[in-house]
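Worksheet: one structure, shown below.
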């Protein structure tokens with residue numbers, strides 16, 4: 001049995017690294033006595049995989065993790081036991097059975113949505129910067145990959161940028177072949193609007209199904 005969990009990572013927990021997050025889930029599994037499978041080999045570990053690593057300092061309402069179980073467990077029972085074992089700031093929100101024929105969450109993910117709240121900024125300047133960015137055919141950016149500096153077209157990885165109630169909602173490519181972090185977009189906005197403070201929250205993880213972007217867990221539970 002495969003089970004998918006959606007969880008939030010907020011408050012001080014947004015400063016927990018991905019490695020420490022993995023450790024927190026391992027401890028929670030041990031405390032809860034849930035029948036999560038152990039891998040084979042000299043150094044066995046729980047068969048747990050996260051859909052996507054979250055950048056340090058970014059909060060999330062929608063992180064997803066999948067676990068392989070050694071026996072069948074009701075999703076409500078699983079969710080209750082795991083919730084009570086997780087540390088403050090990490091909250092298990094829902095649990096679904098994943099179809100055994102569905103790809104792993106990490107392989108199925110295609111996009112991520114973020115909400116950016118600003119402070120000390122003229123929102124009209126942000127909107128003007130967004131319009132300019134979306135009007136570009138190409139925006140070249142650089143990132144370090146395997147010790148090398150690599151150029152890429154950042155604009156091609158921005159699915160949408162939209163202002164909502166004085167906040168910015170950005171939908172970015174987030175796939176096994178490559179992902180765009182929100183910091184790249186914010187840096188590009190700062191080039192046009194000047195310096196500002198912002199807090200970023202990831203709000204959706206999405207797969208593609210039928211030519212549309214759909215909720216990641218829903219897509220993998222219906223295949």
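The numbers here are math on the coordinates, done by the rules we state, and not lab data. Computed from a prediction, not measured in an experiment: that's the story for all the values here. For neighbour counting, all protein chains shown are included, and Cβ atoms are generated from backbone atoms with ideal geometry for every residue, glycine included.
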Note to self, the chain gives a 222 nm [θ] from helices alone (DSSP H runs n ≥ 4, -39500 (n - 2.57) apiece, / all residues, nearest 500) of -8000 deg cm²/dmol
Place a point 7 Å from the Cα of residue 117 in the direction of its beta carbon; the residues of the stretch 169-189 whose amide N falls under 20 Å from it are 169-171, 182-183, 186-187
Length-normalised contact order of the stretch 107-222, Cα under 8 Å, at least 6 apart, in percent, tallies to 40 percent
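Using DSSP, restrict attention to beta bridges with both residues in the chain and report what percent are antiparallel, rounded to the nearest 5.
Approximately 95 percent, going by the DSSP bridge assignments.
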If 114, 46, 15 are placed from fewest to most neighbouring beta carbons inside 10 Å, the sequence is 15, 46, 114
In nanometres, the difference between 0.36 nm per residue of separation and the alpha-carbon distance of residue 190 and residue 1 is 63.4 nm
Taking R0 as 22 Å and r as the Cβ-Cβ distance between residue 137 and residue 179, the FRET efficiency 1/(1 + (r/R0)^6), rounded to the nearest 0.05, comes to 0.55
FRET efficiency (residue 162, residue 42; Cβ distance; R0 45 Å; to 0.05) is 0.35
Note on the stretch 1-97: contact order normalised by length, alpha-carbon pairs under 8 Å, 6 or more apart, percent, works out to 51 percent
One finds, for residue 33 and residue 218 with R0 = 30 angstrom and r their Cβ-Cβ distance, a FRET efficiency to the nearest 0.05 of 0.55
For the stretch 47-187 the mean separation of alpha carbon contacts under 8 Å (6+ apart) over residue count, i.e. relative contact order in percent, is 21 percent
In degrees rounded to 10, the 0-90 angle between helix 18-32 Cα long axis and the longest Cα principal axis of the chain is 30 degrees
Inter-part gap, Cα centre of the stretch 62-95 to Cα centre of the stretch 130-183, in whole angstrom, is 32 Å
With 0.36 nm assigned to each residue of separation and the Cα-Cα distance removed, residue 107 to residue 23 gains 28.0 nm
By Cβ neighbour count within 10 Å, fewest first, 189, 3 rank 3, 189
Exposure-ranked with fewest Cβ neighbours within 10 Å first, 212, 93 stand as 212, 93
